[in-house]
Amino acid sequence: MTLSMDNPMAVMNAFKSAMSQVRADPPWRDAARKHGDRWNPYSFEGGSTAAIAGEDFVVVGSDTRMSQFEVNVMFREAEKIHVLNDSIILTTSGFYGDVLQLKRVLESRLHKYRFDYRTDMTVDLCAEMLARNLYYKRFFPYYTGAILAGIDEKGRGAVFSYDPIGCIERLQYSASGAAEPMIIPFFDCQVGQVTVSKETEKPALTLERAISLVKDAFRVAAERETSTGDKIHLVVAAHGKPIHQEFLLLRED
Amino acid sequence: MAAHQVAHRIAEENQRTLNPTCTGTSVVAVTFDGGVAIVADRVASYGKTARYKGVSRLYRLNSSTLIGFGGDHADFQFIQNLIYRRAHDYKAMCGDPDAELSPMAVHSYLTALLYYRRSRMNPLWNTLVVVGTQPDDEGVKKPFIGIVTLKGVAYHPKYVATGLGAMLIQQSLETEFRKHQATYGAETKLTKDEAVGLLRKAMELVYYHDCLAHSEYEIGVVTTEDAAVLPPEELVGNWAMAETNCNYE
């Protein structure tokens, strides 16, 4: 139908619909701008975490800094390591809102497991469960670099590393967060010993050595990585012993 | 774009707080021996305009809890209504007209609420500061500060400045705390008067540096006995500096 002033109502309606269309989707808002204008439900609070598994122990470390906009320290005593039961330790980095939610989800699942089976869940089972919980949110992920550590069913140290959407891998050592690219090569050299020559002496991984390596990793990271610092939170689980926790001071600048 | 998509997009723009409208700026809170003090100025800004003056940004929930907010004023009024009803339901649930929600309970509720709303991509545009005295396992009331941001990030600091104050005066609060600890030992706490004095000083700093801050502010104090929002105070400030500044065009 052609519009003419013989039918002013139709002209008005056509104008109105064109107006609302251009208001809702103006031609100057190209694809990139539309994407950029969308509200970002994530924020990043920085910080790093790492874990090393040994024969019958596991050492988990993280810093305790929570930063804002990558420039401002919001809080110096944030807990990123969560002891879920006597043999499971969850350590996280990334978006702290998701970290809190993920922790709540796991705690309630563990609670239900304890109620149903009258025993604590083992880290092997929890590792699989965490992977599934992460993948369940595949299209709106928990933005957390999670590492699950603990003493497994056979009494050995276990470290499970995840990406935000639930890819799972059991490793001897892992790191996640802002200083991951610094800590991983350090562990490759000192724990995995994949970057040293055959002639180099290769010391065995004792509990003392693992603890020292984790401390060193965070001291190195705090020197060069701005969102890592304040304190090292160190958690040690050994087969047949209660979980031990301590805090050590780090750079605060 | 089809008509229903257009309608949906307009609805999305109008029905979600994706840009805050009338906003409050910084809130500052510090713990002291036996309680918590909190301060916020009394203005709601529309962009850079001081739109509504004499608006309180501290909400006294009960005798052990105060809630301060930064961010969208309308969203806070909505939250205020929810909390009020929640507190009312709690009294009914306990069968006790004197039953009161503890600050930690309120903080947990607000954390879940704000995280839920951000997960629905429909955030409540507020940074909430819940302060109060929280009974520990032995029933002894301990100072409590809980923060929640609009994305559901929550933490419990001993002192805090939110909004632009986080950038401007968080460090001076920390310096004061550390100075105090260096003088009196690591376990020492501020007295109530020291805490309130510190907040007045913080408010002056915020007023000098934050364009949105206002000279009229109010202080809230929670002790083990009661929670109270004190009468508004007016800040004059020292503007002698203006005489020597020649860089005006």
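The values are calculated or read from the model by the stated rules, or taken from the named source; none is laboratory data. Note that this is a predicted model, so its numbers are computed, not measured. FYI the Cβ positions are ideal-geometry reconstructions off the backbone, even for glycines, and counts take in every protein chain you see. All accessible areas refer to the heavy atoms of the entire protein, side chains included, with ligands and DNA or RNA removed. Shrake-Rupley method; radii C 1.70, N 1.55, O 1.52, S 1.80 Å.
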Taking region A:227-240 and keeping residues modelled with pLDDT under 90 and surrounded by fewer than 23 Cβ atoms within 10 Å (Cβ to Cβ) leaves A:G240
Region A:172-208, residues that are touching a residue at least 40 places away in the same chain (Cβ under 8 Å) and more than 21 Å from A:G47 (Cα to Cα): A:Q172, A:V191, A:L205, A:T206, A:L207
Taking region B:145-171 and the residues there that are touching a Pro at 6+ places or on another chain (Cβ under 7 Å) and touching a residue at least 60 places away in the same chain (Cβ under 8 Å), the one that is least open to solvent (accessible area, probe 1.4 Å) would be B:I145
Does A:R76 meet the test of being in contact (Cβ under 8 Å) with a residue 24 or more places away in the chain, more than 16 Å from the chain's Cα centre (by Cα), under 28 Å from A:F187 (Cα atoms) and within 13 Å of chain B (Cβ to nearest Cβ)? yes
Of (1) away from every other protein chain (no Cβ under 14 Å); (2) open to solvent by less than 60 Å² (accessible area, probe 1.4 Å), B:Y90 satisfies every one except (2)
Just the residues that are of a type in the set (F, W, Y) and over 28 Å from B:R120 (Cα atoms), please, taken from region A:142-174. A:F160, A:Y173
Filtered residues of region B:207-223 (kept if modelled with pLDDT of 90 or more and farther than 12 Å from B:V43 by Cβ): B:I219, B:G220, B:V221, B:V222, B:T223
What number of residues within region A:185-204 satisfy the criterion of being open to solvent by 50 Å² or more (accessible area, probe 1.4 Å) and modelled with pLDDT of 90 or more? 3
Identify the residue in region B:29-84 that is open to solvent by less than 10 Å² (accessible area, probe 1.4 Å) and of a type in the set (D, E, K, R) and, among all such residues, is nearest to B:A227 (Cα to Cα). B:R57
Mind counting the residues in region A:58-82 that are open to solvent by 10 Å² or more (accessible area, probe 1.4 Å), of a type in the set (A, V, I, L, M, F, W, C) and within 20 Å of A:F247 (Cα to Cα)? 3
All but one of (1) over 30 Å from B:Q181 (Cα atoms); (2) touching a strand residue (DSSP E or B) at 6+ places or on another chain (Cβ under 8 Å); (3) assigned to a helix (DSSP H, G or I) hold for B:H107, so report the exception by its number. (1)
Taking the residues in region A:83-101 that are open to solvent by 10 Å² or more (accessible area, probe 1.4 Å) and not polar (S, T, N, Q) as candidates, determine which candidate is farthest from the chain's Cα centre (by Cα). A:D86
Since A:P27 meets every condition but one in (1) in contact with a strand residue (DSSP E or B) (Cβ under 8 Å, 6 or more places away or on another chain); (2) open to solvent by 20 Å² or more (accessible area, probe 1.4 Å), which condition does it not meet? (1)
When only residues in region A:46-70 that are within 14 Å of chain B (Cβ to nearest Cβ) and in a loop (DSSP other than H, G, I, E, B) count, which is farthest from A:G157 (Cα to Cα)? A:F69
Filtering region B:118-140 down to residues that are more than 8 Å from chain A (Cβ to nearest Cβ) and open to solvent by less than 10 Å² (accessible area, probe 1.4 Å), which residue is farthest from A:G94 (Cα to Cα)? B:T133
With respect to the numbered conditions (1) open to solvent by less than 10 Å² (accessible area, probe 1.4 Å); (2) at negative phi, which one is the sole condition not fulfilled by A:D37? (1)
With respect to B:A112, determine if the residue is farther than 30 Å from B:L205 by Cα and more than 14 Å from chain A (Cβ to nearest Cβ). no
Filtering strands (runs of 3 or more DSSP E) wholly in region A:148-242 for at least 2 residues that are assigned by TED's automatic domain parsing to the domain that holds A:E107 and of a type in the set (D, E, K, R) gives A:168-171
Output for region B:174-188, where each listed residue is within 15 Å of B:V30 (Cβ to Cβ), surrounded by fewer than 19 Cβ atoms within 10 Å (Cβ to Cβ), more than 9 Å from chain A (Cβ to nearest Cβ) and of a type in the set (D, E, K, R): B:R178, B:K179
Unique residue being at negative phi and touching a helix residue (DSSP H, G or I) at 6+ places or on another chain (Cβ under 9 Å) when the list is B:A182, B:A154, B:A166, B:A186: B:A154
Restricting attention to region B:141-173, which residues are facing chain A (nearest Cβ under 8 Å) and of a type in the set (S, T, Y)? B:T149, B:Y155
